[in-house]
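Have a look at the structure below before the remarks.
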């Protein structure tokens, strides 16, 4: 797993092109590339990822994420986790209760 610093440049919370409620973070990574993290269906994952992200990054609202520096963990060139820039606090999308509930019901899918 690769770990990089990143700056959050843009956030999205709303409905994507097909009307599916979702969220996304666009980041500039310390390797010079830009990459997104998110696009998970809120109907299945709920608000848990949003709350965990703002807690881990160290802000108190989604809007304050823009301009924040954080860390990311990538596997297979995909961002799998977001972390605090200094503290050892991480949010891994695959470790949420919402993911476990989704897998039990067979609804939704992990990306």
- Does residue 64 qualify as being surrounded by fewer than 18 Cβ atoms within 10 Å (Cβ to Cβ), touching a helix residue (DSSP H, G or I) at 6+ places or on another chain (Cβ under 9 Å) and either closer than 17 Å to residue 13 by Cα or without any contact (Cβ under 8 Å) to a residue 24 or more places away in the chain (or both)? yes
- For the stretch 18-52, how many residues meet the condition of being within 16 Å of residue 65 (Cβ to Cβ) and more than 12 Å from the chain's Cα centre (by Cα)? 3
- Filter the stretch 42-62 for residues that are outside any helix (DSSP H, G or I) and at pLDDT 95 or above; the one that is nearest to residue 73 (Cα to Cα) is 58
- Task: Scan the stretch 93-104 and give yes if some residue there is at pLDDT below 95, out of contact with any helix residue (DSSP H, G or I) (no Cβ under 7 Å at 6 or more places or on another chain) and assigned to a loop (DSSP other than H, G, I, E, B), otherwise no.
- Result: no
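The values are calculated or read from the model by the stated rules, or taken from the named source; none is laboratory data. In this text the structure is predicted, and so the values were computed from the model without any measurement. Virtual Cβ from ideal backbone geometry, glycine too; neighbours counted across all protein chains shown.
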